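In what follows, a single structure is set out as structure tokens and then discussed.
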């Protein structure tokens, strides 16, 4: 792993620098999937003209609002319009999360949730608020790793 890769992984659960070390992040994240190759291939299709920008700049209003209020600004400009820095939005899913599942969460919330829940999946999406480009960047599992015991109920309860 290059020094640049290690540097980009330092920080909280989604790359925002909080002073923790690379080993802390690796210990917290499990089952990490990086979608950089898929992103690169899609952008090559866009740049060659085989895929139109309308096909890739299709962020929903809900995703754009989440980017505005929950997104973490990055140093990378949009690969399509190059007008604005991309924002990364983290979405959480998991059986234990109940009503929280399917919502966008800030880095500090993810850190807190990682200590409260046994296991949940985080999907990080990059979004351009100018042209509506969006793409899945990474997914990973967070949590304590302990499963919550299910309470057994009978029909009378």
Given (1) at pLDDT 95 or above; (2) touching a strand residue (DSSP E or B) at 6+ places or on another chain (Cβ under 6 Å); (3) exposed (fewer than 13 other Cβ atoms within 10 Å of the Cβ), number of the condition residue 92 does not satisfy:
(3)
Selection within the stretch 107-149 - farther than 17 Å from residue 62 by Cβ and assigned to a strand (DSSP E or B):
120, 121, 122, 137, 138, 139, 140, 141, 142
When you go through 34, 75 one by one, which is the residue that is in contact (Cβ under 8 Å) with a residue 12 or more places away in the chain and touching a strand residue (DSSP E or B) at 6+ places or on another chain (Cβ under 9 Å)?
34
Criterion first (closer than 15 Å to residue 136 by Cα, part of a helix (DSSP H, G or I) and at pLDDT 95 or above) does residue 86 satisfy it?
no
Hits in the stretch 31-58 - residues which are within 15 Å of the chain's Cα centre (by Cα) and not in a helix (DSSP H, G or I)
31, 32, 33, 34, 35
For the subset of the stretch 48-63 comprising residues that are over 14 Å from residue 135 (Cα atoms) and in contact with a helix residue (DSSP H, G or I) (Cβ under 9 Å, 6 or more places away or on another chain), which member is surrounded by the most Cβ atoms within 10 Å (Cβ to Cβ)?
51
Looking for something in contact with a helix residue (DSSP H, G or I) (Cβ under 9 Å, 6 or more places away or on another chain), at pLDDT 50 or above, under 23 Å from residue 118 (Cα atoms) and surrounded by fewer than 17 Cβ atoms within 10 Å (Cβ to Cβ) - is there at least one such residue anywhere in the stretch 25-37?
yes
Regarding the stretch 62-81, can at least one residue be identified that is at pLDDT below 95, more than 30 Å from residue 47 (Cβ to Cβ) and in a helix (DSSP H, G or I)?
yes
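The values are calculated or read from the model by the stated rules, or taken from the named source; none is laboratory data. These numbers come from a predicted model, not from an experiment. Note: ideal-geometry Cβ built from the backbone for every residue, glycine included; neighbour counts use all protein chains shown.
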